[in-house]
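The values are calculated or read from the model by the stated rules, or taken from the named source; none is laboratory data. This is a predicted model, so every value here is computed, not measured. A quick note on method: Cβ atoms are made from the backbone with ideal geometry, for glycine too, and the neighbour counts reach across all protein chains shown.
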Amino acid sequence: MRYSPLVIGILIALSGATAARSSEIDSVNKSTGVVDFDLDSLKSLGYGPEVAQFFKNGNQFYPGQHDVVMNVNGAGNYSTTITTGDHGQVCATPELLKLLRLKAVPQGPGCVALNTLIPEARITPHPARFSIDVVVPEEAFDDELRGSNLTSGGFALLNNYRVYGMRMQNRDSQQFYQGQFETGMNLRNWVLRNNSSFTSGNDSSKYEFNETTLSRAIEPLKAILEMGQINTQGAQFGGTPLNGLQLFSDAASQDGGRLLVPITGLTQAPSTVEVSQNGRLLYRTLVSAGPFQLDRINGVTSGQPLDVSILQNDGQTQRFQVNTSTLNKNERGPLSYQFALGTYRDRSSGNDSDKPLFVSGEGDISVGGAQFSGGTQLSSLYQAAGSRINLYWSGDRPVTVGVGMTGARSRNEQGLQVDTGLGLAFGSISLGLTTLMRSAQYPTLESSLQRSEPKTQTEEVQNWQTQDTGISTSTSLSLSWADAVWGRFGYGLGYNQFYGEKQATLLHTLSYGRKFSLVTMNLSFQAASDRDNRVFLSASVPLGRRSSLSSQMQRYQGENNYTTTFSHNPDDLWGYSVGASHNGDQSRLNGSVRATTAYSQLSANGTWGDDSSRSMMFSASGATAYADGLFATSPYALSDTFGIVSVPGQPGVRVSAMGSGTTITNHFGTAAIPSMPVNKKTTIQLNTKDLPLNVRLGSTSFDVAVSRGTVITREIKAAVVKQLLLTVKMLNGEMAPTGASALDKQGVLAGVVMGKGNLMLSNDQIDKQLFLRIPNQSDCRLSFKVPEYFDPNALYEEADAYCK
C-alpha cells in the first residue's frame with residue numbers, strides 16, 4: 001500500500017476541481033493558468049497557505065522520488081522513478097532523457113525542469129493515477145535512441161563454449177570429455193571467429209584449432225563477405241569445408257530450422273543424442289529415458305541424410321539415418337546467391353584427403369509461392385550440379401512440395417540423385433514424407449576426395465558418427481493425428497536400401513498419448529530390422545503446478561524395466577528429478593538436474609546400480625564477453641551481432657530481446673544479449689520481478705536498431721528508494737490533524753498529514769529537519785528516530801514521531 005500517492009490524490013481534488021469548488025478558489029488567471037485559492041476556505045478545512053502556494057500551478061507531485069508511468073506523445077509508455085524538485089517540477093536527469101528517447105541537453109547542477117530544457121514541452125502530472133503526460137515536438141527526439149537510425153561499430157571480445165562429459169563404470173570404465181569453443185572479436189563491424197575443440201578419452205587427449213574466419217557485411221550489396229576456413233552457405237552444397245572466401249546474400253544465411261520429418265527415437269536410459277551431416281556435428285542434447293523427438297535443427301542441407309547417434313549412460317549405442325529437409329519456406333527475399341572459392345579442407349586431423357581448388361555458386365529466386373534454386377560445385381577431381389523447386393500453399397490447409405536433382409562426377413564414378421519432399425496439414429492430421437534415390441555410381445564429395453580410410457579412434461572419442469556412402473534409396477515418413485477426445489496418434493517410418501551386400505534397414509515407430517482426467521498416458525512401440533523391438537509405457541500425474549510423479553514400463557531385449565520418477569521445477573530456471581528402476585535382478589537409482597543461470601545452461605544426470613555400476617553425464621554451455629569496460633555473461637551462445645546491458649550492483653535482472661533468449665544480470669550487474677535483429681528496430685526489455693521492492697530502475701526498456709556485426713552497450717541506473725511512514729502525535733498525545741503541512745528549513749513543502757496522523761517521507765526527506773505547520777498554531781519540530789535498517793523487500797518502514 002502506498003500512502004504518498006493517496007495523499008496527492010486527495011489534495012488534487014482540492015486544487016484540480018476548480019470549476020466545481022469556486023467557493024475555495026478566488027480566480028483562475030487564464031493567461032498563465034495559475035490558480036488563486038480562497039485561503040480562508042482552505043484554512044477552514046485545515047490546510048495552510050503553503051498548500052495553495054505549492055498547487056497554484058495545478059496538479060503536482062510532492063518533492064522527492066515517485067514511481068510513475070510517463071506517456072510521451074500518446075505513443076510511448078515508460079515506467080520509471082522520477083525525481084521532483086522543491087516546486088514539484090519534473091527533474092530532467094540524463095537517465096530520464098535517455099528513457100524518453102529525447103536528445104541529451106547540457107545542463108547545470110541541481111534539478112533542471114524538463115520544460116526548462118524543452119520550452120515547447122507540455123507536462124501534465126496525474127498524481128492520483130501515478131502518471132505524467134508529456135508532449136514534445138518531433139525535433140526533441142533522438143533518432144538513434146528511437147531506433148530510427150542504425151547503430152554501427154563497437155569493439156568486443158567473446159567466447160562461446162559447450163562442454164560435455166560422460167563417465168561410466170561397470171565391468172569396464174569408460175570416460176569421454178569434449179569442449180567446443182568459439183572465441184573471437186568484433187571490431188567496427190568486422191567479425192573474427194575461431195572454432196576449436198578439446199577431446200579426452202581413456203587413451204588420448206587432444207586440442208584442435210578447427211576453423212578461423214573473418215567476415216563483414218557489405219551493405220550496398222546486401223551481402224556478407226567471409227574469408228578463412230569457411231563452410232559454404234547454400235541449400236544445394238552448403239557445409240562444404242574450404243580454405244578460401246565466399247560472398248553470399250545476407251538472407252542466404254537464414255535457417256528454416258523446422259524439419260519436414262522430425263527425428264524420433266526411443267531410449268532405455270538417459271542418453272546423449274547427436275545429429276550430424278557429412279561429418280559435421282549439427283546438434284547435441286541430453287534426453288531422458290523413453291521416446292524423444294527433435295523437430296528443429298539448424299544448418300540442414302537438403303538431399304543429404306542426417307546421421308543420428310545415441311549413447312546411453314549404460315554404454316549401449318544406437319545409430320540410424322533420417323532423410324529430411326526443412327519444412328518452412330526460407331524467407332530469403334526475391335533473390336539470393338552464394339559464390340565461394342577455395343581449396344578443400346579436412347574436417348578432422350584424422351582424415352587424409354585430396355585438396356583441390358573448388359569454385360561453387362548457388363542462387364535461388366522466389367516467385368509467389370514457388371522457390372527455384374540451382375547451383376554447381378567444380379574442381380579438377382569432383383564436379384556436381386543441382387537444381388530444386390519448392391512450392392508452398394498457405395492457408396487453413398498448408399502444403400509443401402519439393403523436388404531436387406543433383407548430378408555428380410568424380411575420377412572413377414558419375415551418377416544422379418533425386419530427392420523429394422511433401423508436407424501436408426489437414427486440420428488435426430499432418431504428414432511429412434521425404435525420399436532420396438541415388439544411382440549405383442553416384443559419388444559423394446567426401447568419398448571422392450578420400451585418399452585412405454580415416455584413422456581409427458576409440459569408441460568413446462569418435463563422436464559416434466556413421467557415414468554410408470553406398471545408399472540406394474532412403475525414405476522417411478511421419479504421420480500424426482490429434483483429437484481433443486481421443487488423444488494423439490503418431491507413426492514414423494525410416495527405410496534405407498544400400499548397394500552391395502549391406503542389408504536394408506527398416507524402422508517403425510508408433511506412439512499414442514492421451515490424458516485421462518489428471519493422468520497423462522503415453523505408449524510407444526519401436527520395431528527395427530537391425531535391432532530388438534522396444535515398448536515404452538508411461539503414466540504421469542501432476543502434484544501441484546510444478547511437480548509430477550510418473551511411472552514407466554519398458555521392454556527390450558526380452559526383459560521388463562520399471563521406473564518411477566518424481567520431477568519438480570521450482571521455477572522456469574531450474575528443476576530436478578529423482579527416481580528408481582528395477583530390471584530383472586538389478587535395481588538402480590537415478591537423478592537429473594537442469595539449471596539456467598546468469599553464467600551458463602547446466603544439465604546433468606546420474607545412475608547408480610546395486611551391482612556397483614554407475615554413470616554420469618553432464619553438459620554446460622554459455623558465453624562470456626567484454627566490451628566498453630564491461631564483463632558480461634550469457635547462458636546462450638553469442639551471435640555476430642549482440643549487446644551488453646549493465647545495471648550496476650543489481651544481479652538477477654532478466655533481459656530479453658526479440659528473437660533472443662532471456663539472459664540474467666550476473667554478480668556484476670551485467671548481461672549479454674545473445675543476438676539482435678539486423679537492420680530493423682527492436683526493443684530490449686528488462687524484467688525486475690526478482691529485484692528487491694525498494695529498487696527502481698531508471699528504465700525497463702529501450703529501442704535500438706543495429707547493422708550486422710555491431711556490438712552495443714547500455715547502462716541502466718538503479719536507485720534504492722527508502723520510504724518511512726510516520727505516525728505523528730502532538731504533545732498532548734493526540735494525532736496530528738489532517739491537512740497539517742510538513743516543511744523543511746527553507747519552507748519547502750515535504751508532505752501533508754493524512755488520516756490518523758500519517759505522514760510519508762522518502763529518501764532525502766528522511767534525513768532533513770522538518771517542521772509541522774498547523775493553521776492558527778505555532779510551528780513545531782518533528783522528532784523521530786530513523787530505523788537503522790530498511791528492509792529491501794518492504795515498501796516502507798514505520799516510526800512514531802512527536803511534534804515538539
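Hey, can you tell me all the residues within the stretch 601-641 that are more than 23 Å from the chain's Cα centre (by Cα), under 29 Å from Met168 (Cα atoms) and surrounded by fewer than 19 Cβ atoms within 10 Å (Cβ to Cβ)? Across the stretch 601-641, the qualifying residues are Gly606, Trp608, Gly609, Asp610, Asp611, Ser612, Ser613, Arg614, Met616. Can you find, within the stretch 719-742, the residue that is nearest to Asp67 (Cα to Cα) among those that are under 53 Å from the mean Cα position of the chain (by Cα) and either of a type in the set (Lys, Arg) or not in a strand (DSSP E or B) (or both)? Checking each candidate, the answer is Val721.
For the stretch 269-280, the set of residues classified as among the aliphatic types (A, V, I, L, M) and at pLDDT 80 or above consists of Val273, Val275, listed by residue number.
When each of Glu182, Glu208, Glu226 is tested for being more than 27 Å from the chain's Cα centre (by Cα), in a strand (DSSP E or B) and more than 30 Å from Ser613 (Cβ to Cβ), the lone residue that passes is Glu208.
Scanning the stretch 743-787 for residues that are assigned to a loop (DSSP other than H, G, I, E, B), within 15 Å of Val728 (Cβ to Cβ) and hydroxyl-bearing (Ser, Thr, Tyr) gives no hits.
Please count how many residues of the stretch 430-447 are outside any strand (DSSP E or B) and in contact with a strand residue (DSSP E or B) (Cβ under 8 Å, 6 or more places away or on another chain). If you could, list the steps in order and put the result at the bottom.
Here is the first cut: in the stretch 430-447, the ones outside any strand (DSSP E or B) are 439-447.
Checking which are in contact with a strand residue (DSSP E or B) (Cβ under 8 Å, 6 or more places away or on another chain) leaves us with 439-446.
The qualifying residues number 8.
The C-beta contact set for the stretch 541-565 (first residue under 22 Å from Gln316 (Cα atoms), second residue of a type in the set (Lys, Arg), distance under 6 angstrom, 6+ apart or interchain) comprises Tyr556/Arg534. Scanning the stretch 372-425 for residues that are in contact (Cβ under 8 Å) with a residue 60 or more places away in the chain and assigned to a loop (DSSP other than H, G, I, E, B) gives Leu381, Tyr382.
Tell me whether the stretch 703-715 contains one or more residues that are of a type outside the set (A, V, I, L, M), modelled with pLDDT under 85, closer than 22 Å to Asp143 by Cβ and part of a strand (DSSP E or B). So far as the stretch 703-715 goes, yes, one or more of its residues are of a type outside the set (A, V, I, L, M), modelled with pLDDT under 85, closer than 22 Å to Asp143 by Cβ and part of a strand (DSSP E or B).
Among the candidates Gly544, Gly591, which residue alone is in contact with a strand residue (DSSP E or B) (Cβ under 7 Å, 6 or more places away or on another chain) and either surrounded by fewer than 18 Cβ atoms within 10 Å (Cβ to Cβ) or assigned to a strand (DSSP E or B) (or both)?
Numbers: Gly544 fails: in contact with a strand residue (DSSP E or B) (Cβ under 7 Å, 6 or more places away or on another chain).
That would be Gly591, the only listed residue that is in contact with a strand residue (DSSP E or B) (Cβ under 7 Å, 6 or more places away or on another chain) and either surrounded by fewer than 18 Cβ atoms within 10 Å (Cβ to Cβ) or assigned to a strand (DSSP E or B) (or both).
Evaluated against (1) crowded, with 17+ Cβ neighbours inside 10 Å; (2) out of contact with any helix residue (DSSP H, G or I) (no Cβ under 9 Å at 6 or more places or on another chain); (3) not polar (S, T, N, Q), Leu187 falls short on exactly one condition, (1).
Of all residues in the stretch 750-774 being over 47 Å from the mean Cα position of the chain (by Cα) and hydrophobic (A, V, I, L, M, F, W, C), which is farthest from Phe784 (Cα to Cα)? Even if it seems obvious, please write down each step before you answer.
Of all residues in the stretch 750-774, those over 47 Å from the mean Cα position of the chain (by Cα) come to 753, 755-757, 769-774.
Still in the running and hydrophobic (A, V, I, L, M, F, W, C): 753, 770-772, 774.
Values: Val753: 15, Leu770: 10, Phe771: 12, Leu772: 13, Ile774: 18 Å.
Per the stated criteria, the residue is Ile774.
The residues on offer are Asp250, Asp295, and the sole one that is within 26 Å of the chain's Cα centre (by Cα), of a type in the set (D, E, K, R) and farther than 28 Å from Ser540 by Cα is Asp250. Scanning for something under 20 Å from Tyr442 (Cβ atoms), surrounded by 15 or more Cβ atoms within 10 Å (Cβ to Cβ) and hydroxyl-bearing (Ser, Thr, Tyr), does the stretch 513-524 turn up at least one residue? No, because not a single residue in the stretch 513-524 is under 20 Å from Tyr442 (Cβ atoms), surrounded by 15 or more Cβ atoms within 10 Å (Cβ to Cβ) and hydroxyl-bearing (Ser, Thr, Tyr).
Given Ser741, Ser778, Ser783, which one is touching a Lys or Arg at 6+ places or on another chain (Cβ under 6 Å), among the polar types (S, T, N, Q), free of Cβ contacts under 8 Å to residues at least 24 places away in the same chain and closer than 16 Å to Lys804 by Cα? Before the answer, list the steps.
Values: Ser741 fails: free of Cβ contacts under 8 Å to residues at least 24 places away in the same chain; Ser778 fails: touching a Lys or Arg at 6+ places or on another chain (Cβ under 6 Å).
After ruling out the rest, the residue left standing is Ser783.
The residue that is modelled with the lowest pLDDT, counting only those in the stretch 254-268 that are within 12 Å of Val300 (Cα to Cα) and of a type in the set (Gly, Ala, Ser), is Gly256.
Scanning the stretch 34-61 for residues that are touching a Ser or Thr at 6+ places or on another chain (Cβ under 7 Å), part of a loop (DSSP other than H, G, I, E, B) and at pLDDT below 65 gives Asp38, Gly46, Gly48.
Can you name every residue in the stretch 62-85 that is assigned to a loop (DSSP other than H, G, I, E, B) and surrounded by fewer than 17 Cβ atoms within 10 Å (Cβ to Cβ)? So that I can check it myself, show each step before the final result.
To start, the set of residues in the stretch 62-85 that are assigned to a loop (DSSP other than H, G, I, E, B) comprises 62-63, 73-75, 85.
Asn73, Gly74, Ala75, Gly85, listed by residue number.
Selection of strands (runs of 3 or more DSSP E) fully inside the stretch 647-699 by the criterion of at least 3 residues being out of contact with any Asp or Glu (no Cβ under 9 Å at 6 or more places or on another chain) and of a type in the set (Lys, Arg) returns nothing.
Restricting to the stretch 359-393, what's the tally of residues that are surrounded by 22 or more Cβ atoms within 10 Å (Cβ to Cβ) and of a type in the set (A, V, I, L, M, F, W, C)? Of the residues in the stretch 359-393, 1 are surrounded by 22 or more Cβ atoms within 10 Å (Cβ to Cβ) and of a type in the set (A, V, I, L, M, F, W, C). Filtered by the rule that a residue be assigned to a helix (DSSP H, G or I) and in contact with a His (Cβ under 9 Å, 6 or more places away or on another chain), the stretch 88-138 gives a lone residue, Pro127.
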